[in-house]
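I have placed the structure first, in the form of structure tokens, so that the comments after it can refer back to it.
The values are calculated or read from the model by the stated rules, or taken from the named source; none is laboratory data. Keep in mind the model is a prediction, meaning the values are calculated, not measured. Here the Cβ positions follow ideal geometry from the backbone for every residue, glycine too, while neighbour counts run over all protein chains shown. Surface accessibility is based on the protein's heavy atoms, side chains included, excluding ligands, DNA and RNA. Shrake-Rupley method; radii C 1.70, N 1.55, O 1.52, S 1.80 Å.
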Amino acid sequence: MEDVVDTVRFVSTQMKKELDGLLSLVTHKREIKIVQPVLHWAQSEAFIVLQVKFAHRFDSPGCLDVKHENIKIKPWSIFLSAYCVQAHQPMLFKLNFTLYREILPEVSYWKFESVGRLFMNLTKILPDIWPNILQNPEEVPKSQIQVWWDMKKYYPNDMDKFSQLLEEEEEKRAEEKRSKRRERKKRRQERDQDIPVENGKIEEPPSPTSESTPSEPPSPPPSETQPTPIETQTHPGEAQSPPADEESSSVEAQQTTQEEPRTEL
């Protein structure tokens, strides 16, 4: 009898919790929040394995009560949607992306796992190691997808090849960045060489419309030498004229002699 009472008490408690959650949803009228679940993936040459966690972060607990799931595995894409209520918040998990290469949907499968997770196994058409599971990396943010390195214990050789491929891809991207930096630096140096620099200031090139005025030659400095007197040449038979000072003195003496009064006897 006591066992029956305990069972009824447990069931009633669970029903009360569910009813309280439903009442809270109706009272607050919360909108359904669309969330992209987090994703782990790994691979061998033959398969792609995925683990989807119904949570918005890797360190958050997964939603346990997932309902109305809709999962479609196609040759070039994966689509997933599922409904869940967590902490009285209704959420719709949606995942949709294009695969890096084609798979075989008819021999691929999925299944639910514990603690709010879902497992997928995708069969490749051609045996190969993919550098990425996404054809377009923008479809799933980097914060929502990680490599499932724990699967290395099941596919050691293939995951080692995958790790080496990732290192080569990373080195290739780093070399492309270095090449772009060198090219930008080269163009900057060529541009700087075309502009003349004087006293630390960049001189602007002359305008094509401006005309340069020819500079006038400098005037010669004044001569400090005295001018050479011009000598008067006398021809034979001509009387040499006296200097100007002597001539004026003789004229004044004659005028003085003429003006002196005579003394009467």
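Checking S77, S81 one by one, the residue that is more than 33 Å from the chain's Cα centre (by Cα) and among the hydroxyl-bearing types (S, T, Y) is S81 and no other. Within the stretch 170-189, identify whether any single residue is among the acidic types (D, E) and either open to solvent by less than 50 Å² (accessible area, probe 1.4 Å) or closer than 25 Å to F58 by Cβ (or both), and answer yes or no. Yes - at least one qualifying residue is present in the stretch 170-189.
Here the stretch 19-36 is the region considered, the condition is being within 21 Å of F54 (Cβ to Cβ) and modelled with pLDDT of 70 or more, and the residue that is surrounded by the fewest Cβ atoms within 10 Å (Cβ to Cβ) is E31.
Among the residues of the stretch 80-124, count how many are among the β-branched types (V, I, T), exposed (fewer than 13 other Cβ atoms within 10 Å of the Cβ) and modelled with pLDDT under 95. Please lay out each step first, then the result.
Just the residues of the stretch 80-124 that are among the β-branched types (V, I, T), to begin with: 85, 98, 103, 107, 115, 123.
Remaining after also requiring exposed (fewer than 13 other Cβ atoms within 10 Å of the Cβ): 107, 115.
Of the ones still in play, those that are also modelled with pLDDT under 95 are 115.
Selection size over the stretch 80-124: 1.
For the stretch 144-159, the count of residues that are open to solvent by 60 Å² or more (accessible area, probe 1.4 Å), within 30 Å of K33 (Cα to Cα) and under 33 Å from the mean Cα position of the chain (by Cα) is at least one.
Please name all residue pairs, on different chains or six or more residues apart, with Cβ atoms under 6 Å, provided the first residue is in the stretch 43-71 and is without any contact (Cβ under 8 Å) to a residue 60 or more places away in the chain and the second residue is open to solvent by 30 Å² or more (accessible area, probe 1.4 Å). Taking only residues 6 or more apart or on different chains, the pairs are G62/V115; G62/R117; C63/Q86; K67/Y83; H68/Y83; I71/W110.
The conditions of being among the hydroxyl-bearing types (S, T, Y) and open to solvent by 20 Å² or more (accessible area, probe 1.4 Å) are not met by S60.
From the list V85, V115, the lone residue that is outside any strand (DSSP E or B) and under 21 Å from H56 (Cβ atoms) is V115. When we screen D59, D65 for residues that are among the acidic types (D, E), within 30 Å of F162 (Cα to Cα) and either modelled with pLDDT under 90 or under 36 Å from the mean Cα position of the chain (by Cα) (or both), the only hit is D59.
Within the stretch 62-81, can one find any residue that is in a loop (DSSP other than H, G, I, E, B), of a type outside the set (D, E) and within 21 Å of M151 (Cα to Cα)?
Here is the first cut: in the stretch 62-81, the ones in a loop (DSSP other than H, G, I, E, B) are 62-65, 74-76.
Next cut, of a type outside the set (D, E) only: 62-64, 74-76.
Next cut, within 21 Å of M151 (Cα to Cα) only: 62.
Yes, there is a match, as at least one residue in the stretch 62-81 is in a loop (DSSP other than H, G, I, E, B), of a type outside the set (D, E) and within 21 Å of M151 (Cα to Cα).
Would it be correct to say that K72 is within 39 Å of the chain's Cα centre (by Cα) and surrounded by fewer than 21 Cβ atoms within 10 Å (Cβ to Cβ)?
Details: within 39 Å of the chain's Cα centre (by Cα): yes; surrounded by fewer than 21 Cβ atoms within 10 Å (Cβ to Cβ): yes.
The answer is yes for K72.
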